[in-house]
1. Does Arg45 fit the bill of being modelled with pLDDT under 95 and in contact with a Lys or Arg (Cβ under 9 Å, 6 or more places away or on another chain)?
2. Give segment 8-37 a look and list any residue that's farther than 30 Å from Ala61 by Cβ and in contact (Cβ under 8 Å) with a residue 24 or more places away in the chain, or say none.
3. Does Arg110 meet the test of being under 18 Å from the mean Cα position of the chain (by Cα), of a type in the set (Lys, Arg) and at pLDDT below 95?
4. Are any of the residues in segment 95-102 in contact (Cβ under 8 Å) with a residue 24 or more places away in the chain and at positive phi?
5. When you look at Ala70, is it at pLDDT below 95 and closer than 23 Å to Leu119 by Cα, yes or no?
6. Cβ-Cβ distance below 6 Å, separation of 6 or more or different chains: which pairs start in segment 54-70 with a residue that is more than 22 Å from Asp26 (Cα to Cα) and end on one that is part of a helix (DSSP H, G or I) and not polar (S, T, N, Q)?
Amino acid sequence: MSERPIQHVSADDLHRIRAALSRKRDDLLAARRASERDQRGIGDRETEDGDVAERMIEQEAALRIAAFDANLLAEVERALKKIDDGDYGLSEESGAPIPVERLLVVPWARRTAQEEARLHRS
C-alpha cells in the first residue's frame, strides 16, 4: 500500500483522504452486515396480515439503501485503488486535477465539480 505522490495533493492531505476513505469503507461494510442481520430478523418474525405490508415496505427501503451503499462502496474502493496506483485526484473525464478542497469533502470524486454539474445537467 505505497502512496505514490500526486502532484497537486500534499502527502498530509493524501494521508487524511486515505484515512477518510478507509473509515467510510468500514462504515459501509458494517452497515451491510447490520442490514443483513436485520433482514434475517424480519424474515423470522411471525406476521399478521397488517404486518405483511409494513414488512414489505421495510424490505423495499432496505434494498434501496443497500443498493446505494453498494454503489458508494464501489466508488470508495475505486478511489483507494487509484491512490495505490498513483492516479488519484485526476478527473476521469478530462484528466484535470480535482481540487483538494473537493477531494477532502468527496474523497471518491471522479470528476471536478464543474464536470459533475455538467454531467447531471445533460
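1. Yes: the conditions hold for Arg45.
2. Residues satisfying the conditions are His8, Val9, Ser10, Asp13, Leu14, Arg16, Ile17, Arg18.
3. Here the answer is no, as Arg110 does not meet what is asked.
4. No, there is no match, as no residue in segment 95-102 is in contact (Cβ under 8 Å) with a residue 24 or more places away in the chain and at positive phi.
5. Judged against the criteria, Ala70 is a match.
6. If the second residue must be part of a helix (DSSP H, G or I) and not polar (S, T, N, Q), the pairs left are Arg55/Ile42.
Quick grid of which residues meet (1) at pLDDT 95 or above; (2) under 16 Å from Glu77 (Cβ atoms); (3) under 21 Å from the mean Cα position of the chain (by Cα); (4) surrounded by 10 or more Cβ atoms within 10 Å (Cβ to Cβ):
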residue: Val9; (1), (2), (3), (4): no, no, yes, yes
residue: Ile17; (1), (2), (3), (4): yes, yes, yes, yes
residue: Lys24; (1), (2), (3), (4): yes, yes, yes, yes
residue: Ala30; (1), (2), (3), (4): no, yes, yes, yes
residue: Glu36; (1), (2), (3), (4): no, no, yes, yes
residue: Gly41; (1), (2), (3), (4): no, no, no, no
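The values are calculated or read from the model by the stated rules, or taken from the named source; none is laboratory data. Keep in mind it's a predicted model, so treat the numbers as computed, not measured. Counting neighbours? That spans all protein chains shown, and the Cβs are built from the backbone with ideal geometry, glycine included.
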